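Heads up: the structure comes next, in structure tokens.
The values are calculated or read from the model by the stated rules, or taken from the named source; none is laboratory data. Keep in mind that what you see is a predicted model, and the values were worked out from it rather than measured. Here the Cβ is made from the backbone with ideal geometry for all residues, glycine too, and neighbour counts use every protein chain on show.
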Amino acid sequence: MQQPPQHHGPTDMQMDAAIANMLRFGISLAATLMILGGFYYLRHPTMQPADYAHFHGTSTDLHNLGKVLTGTRLADSTSVLELGIVLLIATPVARVALCVVDFARQRDKLYVAVSFFVLMVLLYSLFRGGR
Amino acid sequence: MTAETFTALIFLTSLLAGLLGALTGLGGGVIIVPMLALVFKVDLRYAIGASLISVIATSSGSAVAYVRQGLSNVRIGMFLEVATTLGALLGAYLTLKISTHWIAIIFGCVLMYSAASSFRKRREHPGTIAPDRMATSLHLSGSYTENGVRHDYVARRVPLGFGIMFGAGTLSGLLGIGSGAVKVLAMDMAMRLPFKVSTTTSNFMIGVTAAASAGVYLARGYIDPGLALPVMLGVLAGSLLGSKLLVKAPVATLRIVFSVVILALGAEMIFSGATGRL
């Protein structure tokens, strides 16, 4: 059986550990932001439950990362929640990017290409998906 | 109902969905979407958006444990993610085109299939099919150690597995679920991977697949932060709790009970979709 080339760079096990650490960091940060944002979101005195029975789409302000970051700085609870969501979505994307780097360090050209393709599909969805 | 009560109720429901999802191995998404739509009368598009976020959280959370055990195969996962991410993009675009009635009907069918598949006994397939040339040239092989014994494996029928994975990705993007049942079908039945490897690799792939449709959902306003908050935190907490209880719980009995519940939810989704109530 042909083994993947791995004379250079990190071993598969080191790669696994790096991936695990990154995933843990990403979801912990996202969950913390969402809990903090959620706390303020629910403390809002005039808060009425949103109408989820009829679809009207979320505010377009939330689709712009610049506006979400500005909102977060101003402690706008919905923006903090949205930033948590964006971070959560970014976690698997960063995982794939990490794989591109690790495969490159292992000089595994085939899998650099495969993981780079997956990364491009993900970035296309994130930046061009709405069009 | 105040926003706080509503959020608390959704959180508790999501906690239960995550718990059942982990105990039955079906995932939280297939349970939370029909619950939100049928019980809380949430529009199907908001329900799917919130569920997708919880799917990403659960997959990343449980992958931490699996990846450390060295059971999931990063190369096989990455290769099949080419199929699932492209499928997920297609599925997310289909969600924008298809009416919610049809989405409800398709969702119901997937629920019924998932319930039926949880009854099917999984067994290891001995290597009767020759590994194909693609598996060798793409390095779709590996080994894992269990009880001190080393098991080597090679993927079989790679094109068939790749094709089923594209379908799994499309369903995931269309319905906001992880479609773990279909992913396992591709890796167990088609590619004949040992199921320790297929289960953990599938779980690892779910987050990346879901991220591929999340961009489209986000831009189209399907992901409402106020709804995603209790759903994501609830499902994540429930599934972490579920994976801890898995060792002690009477899993076989639970699986039968919840499969019946899921069958009923599936029938209700099909009925609601067909009569135009969803």
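In the set (1) at the interface with chain A (Cβ under 8 Å from one of its Cβ atoms); (2) surrounded by fewer than 24 Cβ atoms within 10 Å (Cβ to Cβ); (3) under 12 Å from B:Thr201 (Cα atoms), B:Phe79 fails one condition alone, (2).
Among the conditions (1) assigned to a loop (DSSP other than H, G, I, E, B); (2) surrounded by 15 or more Cβ atoms within 10 Å (Cβ to Cβ), the only one that A:Cys99 does not satisfy is (1). Residues that are more than 8 Å from chain B (Cβ to nearest Cβ) and in contact (Cβ under 8 Å) with a residue 12 or more places away in the chain within segment A:91-103 comprise A:Ala94, A:Ala97, A:Leu98, A:Val100, A:Asp102, A:Phe103, listed in sequence order.
Considering A:Leu119, A:Leu23, the condition of being part of a helix (DSSP H, G or I), farther than 24 Å from B:Gly221 by Cβ, facing chain B (nearest Cβ under 10 Å) and in contact with a Pro (Cβ under 9 Å, 6 or more places away or on another chain) is satisfied by A:Leu23 alone. Could you please give the count of residues in segment B:178-230 that are without any contact (Cβ under 8 Å) to a residue 24 or more places away in the chain, more than 18 Å from B:Ser117 (Cβ to Cβ) and under 13 Å from the mean Cα position of the chain (by Cα)? Result for segment B:178-230: 0. Taking the criterion of being surrounded by fewer than 13 Cβ atoms within 10 Å (Cβ to Cβ) and in a strand (DSSP E or B), the residues of segment B:132-149 that qualify are B:Thr145, B:Glu146, B:Val149.
Rundown of residues vs (1) of a type in the set (Gly, Ala, Ser); (2) farther than 17 Å from B:Ala210 by Cβ, yes/no style:
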site: A:Ser28; (1), (2): yes, yes
site: A:His63; (1), (2): no, yes
site: A:Leu69; (1), (2): no, yes
site: A:Ser79; (1), (2): yes, yes
site: A:Thr91; (1), (2): no, no
site: A:Arg95; (1), (2): no, no
site: A:Phe103; (1), (2): no, yes
site: A:Arg107; (1), (2): no, yes
site: A:Val121; (1), (2): no, no
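Of A:Pro45, A:Pro4, all but one fail to be within 8 Å of chain B (Cβ to nearest Cβ), surrounded by fewer than 18 Cβ atoms within 10 Å (Cβ to Cβ) and modelled with pLDDT under 85; the exception is A:Pro4.
Of B:Leu175, B:Leu160, B:Leu185, B:Leu193, all but one fail to be under 24 Å from A:Leu88 (Cα atoms) and not acidic (Asp, Glu); the exception is B:Leu175.
One line per residue, one yes/no per condition, for (1) at pLDDT below 90; (2) in a loop (DSSP other than H, G, I, E, B); (3) surrounded by fewer than 18 Cβ atoms within 10 Å (Cβ to Cβ):
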{"residue": "B:Leu89", "(1), (2), (3)": "no, no, no"}
{"residue": "B:Cys109", "(1), (2), (3)": "no, no, yes"}
{"residue": "B:Ala115", "(1), (2), (3)": "yes, no, no"}
{"residue": "B:Glu124", "(1), (2), (3)": "yes, yes, yes"}
{"residue": "B:Ala130", "(1), (2), (3)": "yes, yes, yes"}
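Of the helices (runs of 4 or more DSSP H) entirely within segment B:151-267, those holding at least 3 residues that are modelled with pLDDT of 90 or more, surrounded by 18 or more Cβ atoms within 10 Å (Cβ to Cβ) and more than 14 Å from chain A (Cβ to nearest Cβ) occupy B:158-175.
For segment B:38-51, state whether one or more residues are at the interface with chain A (Cβ under 8 Å from one of its Cβ atoms) and closer than 17 Å to B:Leu19 by Cα. Checking segment B:38-51: not a single residue is at the interface with chain A (Cβ under 8 Å from one of its Cβ atoms) and closer than 17 Å to B:Leu19 by Cα. Taken together, A:Leu87, A:Leu69 contain a single residue that is in a helix (DSSP H, G or I), on the phi < 0 side of the Ramachandran plot and within 13 Å of the chain's Cα centre (by Cα), which is A:Leu87.
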